[in-house]
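The values are calculated or read from the model by the stated rules, or taken from the named source; none is laboratory data. Computed from a prediction, not measured in an experiment: that's the story for all the values here. Methodologically, a virtual Cβ is constructed for each residue, glycine included, from the backbone with ideal geometry; neighbour enumeration extends over all protein chains shown. Protein only, heavy atoms only, side chains kept; ligands, DNA and RNA dropped before computing areas. Shrake-Rupley method; radii C 1.70, N 1.55, O 1.52, S 1.80 Å.
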Amino acid sequence: HHKVIYANLLTSGKLPEYLADIDRRAEELFLRLAKQMAEAEGITEKLKASDQMEWVGRMNNVRNTAMELVNAEMIFV
């Protein structure tokens, strides 16, 4: 989508640095969102100890939602 930006970064040698920065910021955002959403949903270590399958299912939903948000916010802009 951003061919000019890509070409400029590639020819200037800054593309790896730019991609590493995006990756780091996306990972930080993902972890923060997943933690906040898990807390908001009441997904705790107590739930994990008492019903592992429920915990896994709910955490997978949180992770998928967080990943969709990160992709929409940072990756596919």
* **Under 22 Å from Lys48, Cα to Cα: lysines that are on another chain or at least 8 residues apart** => Lys35
* For the chain, run through the chymotrypsin sites (Phe, Trp or Tyr not before Pro) and keep only the ones in DSSP coil with at most 14 other Cβ atoms within 10 Å of their Cβ. => Phe76
* What is the spin-label model distance, in nm, from Glu28 to Met67 if the labels are put 7 Å beyond Cα along the C-beta direction? -> 2.3
* To do: Mind checking which lysines have their Cα closer than 18 Å to the Cα of Lys3? Skip sequence neighbours fewer than 8 apart in that chain.
  => Lys14
* Which whole-number percent gives the relative contact order of the chain, counting Cα pairs below 8 Å spaced six or more residues apart? -> 30
* Mind grabbing the accessible area of Val56 for me, 1.4 Å probe, Å², rounded to tens? => 60
* Structure fact -> From highest to lowest solvent-accessible area (probe 1.4 Å; ligands, DNA and RNA excluded), Arg58, Arg63 read Arg63, Arg58
